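The block underneath contains the structure these notes are about, expressed in structure tokens.
The values are calculated or read from the model by the stated rules, or taken from the named source; none is laboratory data. Remember, it's a predicted structure, so these values are computed and weren't measured experimentally. Please note: Cβ atoms are built from the backbone with ideal geometry, for glycine as well, and neighbour counts cover all protein chains shown. Ligands, DNA and RNA are excluded from the accessible area calculation, which covers all protein heavy atoms including side chains. Shrake-Rupley method; radii C 1.70, N 1.55, O 1.52, S 1.80 Å.
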There are 2 protein chains.
Amino acid sequence: MTTIKDVAKLAGVSTATVSRVMNGTGYVNPSTKKKVNSAIKQLDYRPNDVARSLFKGKSKMIALFVPDIMNPFFPELARAVEDVTNHHGYTFILCNTDDEIEKEQTYLNALQQKSVDGIIIVSSTITKELISKIKIPIIALDRIIGANMSSVTVNNREGAREAVRYLKSIGCQRIAHICGPDHVINTAERMKGYLDEVKDEDWFLSSYIVSGEYYFQTATQAMKKLLTVHPEIDGIFVGNDLMGVGVLKGAKELGIRVPDELSVIAFDGIMLGETTTPSLTTMAQPIYEIGARAAEMLLEQINDSKYQSKREEFTVQLIERQSTRKRGESIDR
Amino acid sequence: MTTIKDVAKLAGVSTATVSRVMNGTGYVNPSTKKKVNSAIKQLDYRPNDVARSLFKGKSKMIALFVPDIMNPFFPELARAVEDVTNHHGYTFILCNTDDEIEKEQTYLNALQQKSVDGIIIVSSTITKELISKIKIPIIALDRIIGANMSSVTVNNREGAREAVRYLKSIGCQRIAHICGPDHVINTAERMKGYLDEVKDEDWFLSSYIVSGEYYFQTATQAMKKLLTVHPEIDGIFVGNDLMGVGVLKGAKELGIRVPDELSVIAFDGIMLGETTTPSLTTMAQPIYEIGARAAEMLLEQINDSKYQSKREEFTVQLIERQSTRKRGESIDR
DNA sequence: AAATATTATGTAACCCGTTACATCTAAAGC
DNA sequence: GCTTTAGATGTAACGGGTTACATAATATTT
């Protein structure tokens, strides 16, 4: 490995001068600069980032915590974060936490020891206490963690309300909800939105809410059980798209026609929902945008010493596809 | 940040002794060890990995290059690599290359400057020349790059043959192929396998091969055009699952019943293929396993100075789902 | 008891950049 | 012509670990 010393020797200057040329700092005579640059080129010299990091205490690396990259919601988020940070010269570290606090703890320690410059966290388990010990800039993504920590989220509750109102608007009379697992904060928010719209309906039953645990298969099972017990259900608001396609599968297996007999609307707007037939109507999050925005906020926080934490909330948007009846179409039973 | 000096001072020893205790190297008196460990605990000291890396020239980080993590084939691969390497104390860096050689070049430089210990590469564009300049251990995954570079792949050609033979065995008379983009090596291999089985059939036409570019929508379009021109086609071998579900979508849109009128088999075995109705019959790669194996091989190569490069090929496995007729069932037209 | 081996610990160089500080030259100001 | 200032460059400390080498204290061998 060629070092700055080799360059200095070849150019006939000190390492300090080479460093100045590379970083564009301090005074350097144009002719000297030329000599140094040609030496750099000649040796194909590239500075050792580790040495730099050691001195600066910064590594030009950022990390993203996700529960599991195999969950189809996260790749797009990861891509967005990587794009933005890579564009600014940062290296992107991915950590699958499985929402286990021990893993999160371990990752936090490791990253801190590596002088990682910032972390974006999607987590339902991590606590403010765990994070408060860390001096690294952190942004909460998709879920709010602490009171004074920056976050980028979507209006889950209002989005859920909108979804349910949409089902009503196309004529659904009995609307059920397949929710996510308890420990995920979104689950509660989306359920609240659902309840906002249905709790005062005379037909509403608490047994209209069942959990699909954010899994495809679990959602299929839950849906089948639900529709067997409550065949009167003609609309389902599903907590996320992955479960949404699970519900579509369940409907097929039960011989229930979607959207003629049952309308299904989900939440997230991942690509998966476009691949099924019928395709899945959904409340789409601007996934790439929120990931990119979180990355930008993190970079701001890294570079601005007087950065003030902030919360940004994006809005979800209805995408009408084929799993819901069209407004005004007659009900076909 | 507490440093090794703080620990040394508190324990009343030199930094060398602290280092010995931490690393379990050299001689240390048990009572001294106890003092040092208690000082470490008392100060909640964690060594600075950057300083370590600088001295050792190793960073305990590995990287994975994928074209695009949003392609549903890669998250599982990434997860496997992260699991294995994380288990061995490595930090996982993810790089989306978009199969652009400039990006790959940039990443390679950046990673080298960061003393990354090893790289796993999925790429159709990268060249041996580009890599040969790098002294970092590298494993090619899913695709072979250079002659003397370790790789983990699957038997694409034989798997493709098997897929086509399966279509024949269930009674398909006219079998088409929707292939991937030219520049991807797998495309050629899988096409060869297809040709091995059909090129001598009297019904075979070169127009039975069309490209879906590994995109969902492109595959849908390609399939619709194909079946419009060649309505006699009753079986399609599709280059990957993502395009496979695109084909299923296209069939629905054309009103072609799958599997009654058309049998579809794809390649990959990603979860997406389970979510559709009908679910997708496929030649499944052991995705997690090949990712994990590549990671293990990389670690071997990192730790074993006399490591010999090797190639390992996994076999794909037929998963019969609903998009193909069952053997022996009558053809229903 | 002397010679040798083993255990224990410290000193300082090293990894490779960055930058504060010192030094020196040449141009500008008076 | 002398002082001041800007421009140019070098020296060396620093960041925080690791380890070769030196030294010292015990333990073992003969």
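Summary of computed values
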quantity: Per-region count, segment A:109-133, residues open to solvent by 10 Å² or more (accessible area, probe 1.4 Å), in contact with a strand residue (DSSP E or B) (Cβ under 7 Å, 6 or more places away or on another chain) and within 9 Å of chain B (Cβ to nearest Cβ); calculated: 2
quantity: Any hit, segment A:101-108, residues being within 11 Å of chain B (Cβ to nearest Cβ), surrounded by fewer than 23 Cβ atoms within 10 Å (Cβ to Cβ) and at positive phi; calculated: no
quantity: Subset of segment A:81-98 (residues that are out of contact with any Phe, Trp or Tyr (no Cβ under 7 Å at 6 or more places or on another chain) and of a type in the set (Ser, Thr, Tyr)); calculated: A:Tyr90, A:Thr91
quantity: Residues of segment B:167-190 satisfying the condition of being modelled with pLDDT of 95 or more, assigned to a helix (DSSP H, G or I) and open to solvent by 10 Å² or more (accessible area, probe 1.4 Å); calculated: B:Lys168, B:Ser169, B:Ala188, B:Glu189
quantity: Residue check, A:Gly12 closer than 30 Å to A:Ile101 by Cα, within 12 Å of DNA strand D (Cβ to nearest atom) and loosely packed, with under 13 Cβ neighbours inside 10 Å; calculated: no
quantity: Residues (under 20 Å from A:Gly89 (Cβ atoms), of a type in the set (A, V, I, L, M, F, W, C) and within 11 Å of DNA strand D (Cβ to nearest atom)) located in segment A:16-50; calculated: A:Val21, A:Val50
quantity: Extreme residue, farthest from DNA strand D (Cβ to nearest atom), among residues of segment B:57-69 that are within 9 Å of another protein chain (Cβ to nearest Cβ) and surrounded by fewer than 21 Cβ atoms within 10 Å (Cβ to Cβ); calculated: B:Asp68
quantity: Scan of segment A:127-151 for residues that are touching a residue at least 40 places away in the same chain (Cβ under 8 Å) and either under 22 Å from A:Cys179 (Cα atoms) or small (Gly, Ala, Ser) (or both), ordered by number; calculated: A:Leu141, A:Asp142, A:Arg143, A:Ile144, A:Ser150, A:Ser151
quantity: Inter-residue pairs, beta-carbon under 8 Å, first charged (D, E, K, R) and in segment A:5-19, second within 9 Å of DNA strand C (Cβ to nearest atom) and outside any loop (DSSP other than H, G, I, E, B), 6+ apart; calculated: A:Lys5/A:Thr15
quantity: Residue match in segment B:36-45 (condition: more than 9 Å from chain A (Cβ to nearest Cβ), among the β-branched types (Val, Ile, Thr), within 12 Å of DNA strand C (Cβ to nearest atom) and outside any helix (DSSP H, G or I)); calculated: no
quantity: Search result, residues across segment A:15-26 that are over 29 Å from B:Ile136 (Cβ atoms) and either polar (S, T, N, Q) or buried (at least 17 other Cβ atoms within 10 Å of the Cβ) (or both); calculated: A:Thr17, A:Arg20, A:Thr25
quantity: Failed item, numbered, when A:Glu76 is tested on (1) under 39 Å from the mean Cα position of the chain (by Cα); (2) within 14 Å of another protein chain (Cβ to nearest Cβ); (3) within 16 Å of DNA strand D (Cβ to nearest atom); calculated: (3)
quantity: Filtered residues of segment B:89-100 (kept if under 19 Å from A:Leu64 (Cβ atoms) and either more than 16 Å from the chain's Cα centre (by Cα) or within 9 Å of chain A (Cβ to nearest Cβ) (or both)); calculated: B:Tyr90, B:Thr91, B:Phe92, B:Ile93, B:Leu94, B:Cys95, B:Asn96
quantity: Residue list for segment A:11-26, restricted to those being within 39 Å of the chain's Cα centre (by Cα) and outside any helix (DSSP H, G or I); calculated: A:Gly24, A:Thr25
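To keep it simple, each residue is scored yes or no on (1) out of contact with any Ser or Thr (no Cβ under 9 Å at 6 or more places or on another chain); (2) open to solvent by 40 Å² or more (accessible area, probe 1.4 Å).
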site: A:Phe216; (1), (2): no, no
site: A:Leu227; (1), (2): yes, no
site: A:Gly235; (1), (2): no, no
site: A:Val245; (1), (2): no, no
site: A:Lys252; (1), (2): no, yes
site: A:Asp260; (1), (2): yes, yes
site: A:Glu274; (1), (2): yes, yes
